[in-house]
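Enquirer: Below you will find the structure I want to go over with you.
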Amino acid sequence: MKKRIGVLLSGRGSNFEALAESVRNGRIPNAEIAIVVSNREGAPGIDKAKSRTIQTRVIPSKGLERETYDRQVAAALEEANADLVCLAGYMRLLSPFFVAAYPRRILNIHPSLLPAFPGLEAQRQALEHGVKLAGCTVHFVDENLDAGPIVLQAGVAVRDDDTEETLSERILHEEHRIYSEAVRIVLEGRFRIEGRRVLIQPEIK
Ligand code: GAR
């Protein structure tokens, strides 16, 4: 049986597209994207999902209490029989209810080498801090912001002439690569967690 991925997004959806492409070309084998949910009307990621004929739902979050909202999203994921939830530019904190509903089954991608620069505009934070190595992180999600055990990271060297845009673009390229790799590892169950460490078992060829 194919593993079913539920994607939550709020905007552009390039990480969703990278996952969808990896599912299509077999880099994430035996999987399908069961549903894409957005908390924002008009999120371009929803149109991208529709053009791939993937089931979509827009569930506006405005004005709703966190858990009330999360219960609606969890119901949509449940209905779609999602095995794994991938946050792909989903700009909301998850409630303890939601995290408990999908234990160790929620992944997030963040454009920094966590625990440095959590929160918004991570690439700008990195540039302003003056780090020489930026990057991105795929991690399991808990109820804290951009926290949770780290599955994969990729470093990106900062150049003297980088702007937020040029650095973000190079980081995004790495995001797309490591997100697919992390999803594959998690769906294949090729890891164990010791404390905060995610230990990855090699691929059986
Ligand atoms: C990505 O850079 C992702 O890492 C970031 O939002 C962007 C979404 O782009 N996520 C966060 O900052 C989460 N804290 P996308 O919609 O094109 O995938």
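Enquirer: Are there GluC sites (Glu not before Pro) in the stretch 64-172 that DSSP puts in a loop and that have at most 15 other Cβ atoms within 10 Å, and which ones?
Expert: E65, E121, E143
Enquirer: Give a residue-ordered list of calculated ³J(HN,Hα) values for the stretch 24-30 (Karplus: 6.51 cos²θ - 1.76 cosθ + 1.60, θ = phi - 60°; whole Hz; x for Gly, Pro).
Expert: In residue order, the calculated couplings are 5, 9, x, 5, 10, x, 6 Hz.
Enquirer: Give the long-range amide H neighbours of G135: residues separated by 5 or more places, or on another chain, with amide H under 5 Å away, using H modelled in the peptide plane at 1.01 Å from N.
Expert: Here L113, V156 satisfy the definition.
Enquirer: Set the Förster radius R0 to 45 Å, insert the Cβ-Cβ distance between K132 and Q201 as r into 1/(1 + (r/R0)^6), and round the FRET efficiency to 0.05.
Expert: Efficiency, rounded to the nearest 0.05: 0.90.
Enquirer: Could you give me the ³J(HN,Hα) list for the stretch 51-60, computed from phi with Karplus coefficients 6.51, -1.76, 1.60 and θ = phi - 60°, whole Hz, x at Gly and Pro?
Expert: Each residue's phi maps through the Karplus curve to give 5, 9, 6, 9, 4, 10, 9, 9, 10, x Hz.
Enquirer: With just the Cα atoms defining each centre, how far is the stretch 1-67 from the stretch 144-204? Give it in Å.
Expert: 19
Enquirer: Applying the Karplus parametrisation 6.51 cos²θ - 1.76 cosθ + 1.60 with θ = phi - 60° to the phi angles of the stretch 182-198, what ³J(HN,Hα) value in whole Hz is obtained for each residue in order, glycine and proline being reported as x?
Expert: Result, rounded to whole Hz: 5, 4, 4, 4, 5, 5, 7, x, 8, 7, 9, 10, 10, x, 9, 8, 9.
Enquirer: Within the stretch 41-74, report the trypsin sites (Lys or Arg not before Pro) that DSSP leaves as loop and that have at most 14 other Cβ atoms within 10 Å.
Expert: K62
Enquirer: A follow-up question, please. As an exercise, identify the trypsin sites (Lys or Arg not before Pro) in the stretch 108-195 lying in DSSP coil whose Cβ has no more than 16 other Cβ atoms within 10 Å.
Expert: Sites meeting the loop and neighbour criteria: K132, R159, R190.
Enquirer: Along the charge dipole of the chain, pointing to its positive end and built from +1/-1 on Cβ of Lys, Arg, Asp and Glu, which listed residue (A20, L107, A31) has its Cα farthest out?
Expert: Towards the positive end, the residue furthest out is A31.
Enquirer: OK, next. Would you report the distance distribution of C-alpha pairs in the chain as whole percents per 5 angstrom bin, up to the bin with the largest distance?
Expert: Whole-percent P(r) values from 0 Å outward: 1, 8, 16, 20, 21, 17, 11, 5, 1, 0.
Enquirer: For the stretch 149-200, what is the relative contact order in percent, using Cα pairs closer than 8 Å and at least 6 residues apart in sequence?
Expert: It rounds to 46 percent for the stretch 149-200.
Enquirer: Taking amide hydrogens as modeled 1.01 Å from N in the peptide plane, which residues meet the under 5 Å criterion relative to V151, leaving out close sequence neighbours?
Expert: V138, H139, F140
Computed from the coordinates by the stated procedures, all read-outs in this text should not be read as laboratory data. Keep in mind that what you see is a predicted model, and the values were worked out from it rather than measured. A quick note on method: Cβ atoms are made from the backbone with ideal geometry, for glycine too, and the neighbour counts reach across all protein chains shown.
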